[in-house]
Amino acid sequence: MSEPVQLAPEPSRFGRRSLGRVALDFPVRLQVRGLPARLSARTRDLGLGGVCIATASRFDFRSVGSIELMHPTVRLQLPAEGRWQMEACGEDSFLTGIAFESLDSTALDKVWDLTHVQTKYLTRWLGQMSDFHDLGLASLQELAQLTRLRDAGTGTVLQRQDARIAGDDSILLLMQGQVSLERRGSLGRRLAAADVEPGHSFGGLPLLTGVAPGETAIVGATARLLEISRGAFDVLRRSSPTLALEVASIVTRRHLERAVGASDRAVETA
């Protein structure tokens, strides 16, 4: 698994987070200077300031001139420019940050409506279906605006036990699909740790504690995940340190619960 390709200064990688971004998936097309046809992509998040997109291959993000949003309820052609690009860890795809340029009031209203509706949906999902259900409404809304969608195919390795690889330290929440966690014992024997249940968190230990992952996460059936990246979590630490501590506590507690369960099962089968 290769390291992310840093093609822009770190402060620009995550766009204008002060405007809020929310995980959202729909098709877009890019006008890229030098390409004979528009480049198809899918969004990973959307905000008033721009969008994160996924493509199957790298392209010259500096040559982006415009983006066409092809949401089922909204079609917009917007002037845009590329800001950053990186390889998506564990996937055969690349992520690119696109900034909107000079939105008029009509376009701004339409983008605002899309982000508002999706924020409400994700806030409700986080509050009813996820490990973060005990957080208050305002905290859930803030958390929703730090998420990015991540799709992973069967067999994808999302993290490896005892391996610290740049870019794969995100906090992940399973929305759909199947993810299995495995551990290797001291003699190298593979031990099943747990299956991640929908709404449960995993990953993020390198981000939260500086410790390498204690388990390997493998996609068993195509999975849709909510991702809180290192960059997004750093924004949360600065803007809402108390909420960041709550999130860290919830994710760490889930890790500990799985570790205790795995230890108990190992004792029973010894």
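The values are calculated or read from the model by the stated rules, or taken from the named source; none is laboratory data. This one's a predicted model, so the numbers in the text were calculated from it and none came from an experiment. Methodologically, a virtual Cβ is constructed for each residue, glycine included, from the backbone with ideal geometry; neighbour enumeration extends over all protein chains shown.
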message = Taking the conditions exactly as written (free of Cβ contacts under 8 Å to residues at least 60 places away in the same chain and aliphatic (A, V, I, L, M)), does A99 satisfy them or not?
response = no
inquiry  = Given (1) touching a helix residue (DSSP H, G or I) at 6+ places or on another chain (Cβ under 8 Å); (2) closer than 20 Å to Q145 by Cα; (3) of a type outside the set (A, V, I, L, M, F, W, C), identify the lone condition not met by G82.
reply    = (2)
request  = Would you check if there is a residue in region 131-153 being among the β-branched types (V, I, T), out of contact with any Asp or Glu (no Cβ under 7 Å at 6 or more places or on another chain) and either more than 17 Å from E197 (Cβ to Cβ) or not assigned by TED's automatic domain parsing to the domain that holds R190 (or both)?
outcome  = no
ask   = In this structure, is G155 over 15 Å from the mean Cα position of the chain (by Cα), modelled with pLDDT under 95 and not basic (K, R)?
value = yes
request  = Kindly provide the set of residues from region 212-238 that are free of Cβ contacts under 8 Å to residues at least 60 places away in the same chain and hydroxyl-bearing (S, T, Y), ordered by number.
outcome  = T216
task = Can you confirm whether region 157-164 contains a residue that is charged (D, E, K, R), in a loop (DSSP other than H, G, I, E, B), farther than 18 Å from I250 by Cβ and out of contact with any helix residue (DSSP H, G or I) (no Cβ under 6 Å at 6 or more places or on another chain)?
result = yes
request  = Considering each residue of region 118-153, count those that are of a type outside the set (F, W, Y), within 20 Å of E227 (Cβ to Cβ) and assigned to a helix (DSSP H, G or I), and give that number.
outcome  = 16
Top-ranked residue in region 99-132 [being under 23 Å from G82 (Cα atoms) and among the hydrophobic types (A, V, I, L, M, F, W, C); ranked as surrounded by the fewest Cβ atoms within 10 Å (Cβ to Cβ)] = L108
query = Picking from L140, L146, which residue would you name as being modelled with pLDDT under 95 and closer than 30 Å to P241 by Cβ?
reply = L146
Among the candidates L158, L208, residue that is of a type outside the set (S, T, N, Q) and touching a Leu at 6+ places or on another chain (Cβ under 8 Å) = L158
request  = Would you be able to say whether some residue in region 156-166 is touching a Pro at 6+ places or on another chain (Cβ under 8 Å) and buried (at least 22 other Cβ atoms within 10 Å of the Cβ)?
outcome  = yes
key: Looking only at region 65-116, and only at residues there that are under 28 Å from L158 (Cβ atoms) and among the hydroxyl-bearing types (S, T, Y), the one that is modelled with the lowest pLDDT   = S93
inquiry  = Tally up the residues in region 195-229 that are within 15 Å of A248 (Cβ to Cβ), among the β-branched types (V, I, T) and surrounded by fewer than 18 Cβ atoms within 10 Å (Cβ to Cβ), please.
reply    = 2
